[in-house]
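J.: Below is one structure. I have some questions about it.
The values are calculated or read from the model by the stated rules, or taken from the named source; none is laboratory data. Quantities reported herein were computed from a predicted structural model and do not represent experimental measurements. Note: ideal-geometry Cβ built from the backbone for every residue, glycine included; neighbour counts use all protein chains shown.
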């Protein structure tokens with residue numbers, strides 16, 4: 001304890017240098033733990049986007065591409081699939097439920113998803129959590145829409161508001177279906193998934209707004225709502241369909257059957273395997289970020305080593321006086337080690353504290369902009385391990401000046417000219 005008190009007093013006497021060293025270590029630790037937390041949270045967020053869905057069926061494509069546009073609303077489909085094919089898949093004895101999805105339109109930067117009521121009944125995210133309504137209900141009329149929580153929050157929509165959907169992803173005046181506005185009838189509760197950033201309409205509504213459109217352009221003034229018969233609005237093609245099976249034992253057999261479908265080229269993927277492949281593709285960038293943050297920690301510890309070595313040359317008389325007062329070489333050694341450990345520990349505490357504050361402040365923005373749910377929970381087991389490694393590294397760094405001070409003789413210290 002006497003050595004620890006002496007180390008604290010020594011650091012107080014070199015306050016400016018100690019604060020700069022603690023700041024350097026804090027920044028490096030905050031970056032290291034921050035990168036690790038973003039990495040793990042991003043992985044969990046990807047994994048929690050969809051659950052309880054056994055297969056996703058779309059046009060012939062790579063499984064990652066199919067996963068990206070059907071679940072994450074990223075990119076576009078290589079092709080659509082015929083409604084007849086969807087009906088064949090739906091009528092297969094192994095299929096319990098289906099969720100058809102039609103993409104291609106947008107509203108002020110948010111993707112429009114054409115689907116059915118089964119979407120709200122069977123879609124699951126996280127640990128098989130169902131979708132729930134914060135306000136309102138599912139679409140009842142032809143031009144009703146259900147919006148995600150982020151759409152409502154960012155655009156300030158409430159129940160009863162009218163919105164206009166645009167053809168394609170560019171929300172330009174000439175591409176808007178302004179002759180057929182939609183009314184908001186439901187707002188979903190937050191999920192932390194792309195559902196929050198989606199505008200949901202019925203499949204017949206998708207067909208209705210494209211009456212009189214050819215090759216992405218409106219031909220003529222456009223149809224009026226009262227002139228549309230909802231019973232005649234049968235989709236011809238959709239983008240993808242999510243499947244739930246009666247028994248998971250049948251997953252591989254049905255996947256093979258769909259992939260060998262004769263009427264048109266289809267691809268059936270298992271979301272879990274596709275997610276694993278997607279994350280494997282991103283692992284190079286993920287590991288690179290972790291390595292860079294590791295080098296930042298090394299640079300911070302090297303700065304601490306430089307500070308300790310520089311101050312050691314100025315403290316040789318102090319060491320000599322301590323020796324003259326009866327301190328043994330081991331005491332000098334543990335004094336320097338204690339200073340290094342204190343600097344490292346204080347830097348770790350400061351870095352973790354700043355990181356948790358920044359996560360709490362940035363979490364709403366990151367969720368709204370990137371759909372990533374950052375946890376403000378305290379350190380995980382893996383993060384504790386990283387901190388332990390940093391602390392051990394600080395101990396090893398402190399050994400260099402400690403060994404040097406240990407080897408300095410009493411007479412060498414007393415003969416220094418000032």
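J.: Out of the stretch 160-209, which residues are assigned to a loop (DSSP other than H, G, I, E, B) and at pLDDT 75 or above? Please lay out each step first, then the result.
T.: In the first step, residues of the stretch 160-209 are kept if they are assigned to a loop (DSSP other than H, G, I, E, B); the result is 160-161, 164-165, 168-172, 177-181, 189-193.
Within the stretch 160-209, 160, 161, 164, 165, 179, 180, 181, 189, 190, 191, 192, 193 qualify.
J.: Within the stretch 143-156, restricting attention to residues that are buried (at least 18 other Cβ atoms within 10 Å of the Cβ) and assigned to a loop (DSSP other than H, G, I, E, B), which residue is farthest from the chain's Cα centre (by Cα)? Please lay out each step first, then the result.
T.: Restricting attention to the stretch 143-156, the residues satisfying the condition of being buried (at least 18 other Cβ atoms within 10 Å of the Cβ) are 143-152.
Those still in the list that are assigned to a loop (DSSP other than H, G, I, E, B) too: 143, 148.
On the way: 143: 33, 148: 18 Å.
Per the criteria, the residue is 143.
J.: Related question: All but one of (1) outside any loop (DSSP other than H, G, I, E, B); (2) more than 30 Å from the chain's Cα centre (by Cα); (3) within 24 Å of residue 190 (Cβ to Cβ) hold for residue 135; state the number of the condition that does not hold.
T.: Only one criterion is unmet by residue 135, namely (2).
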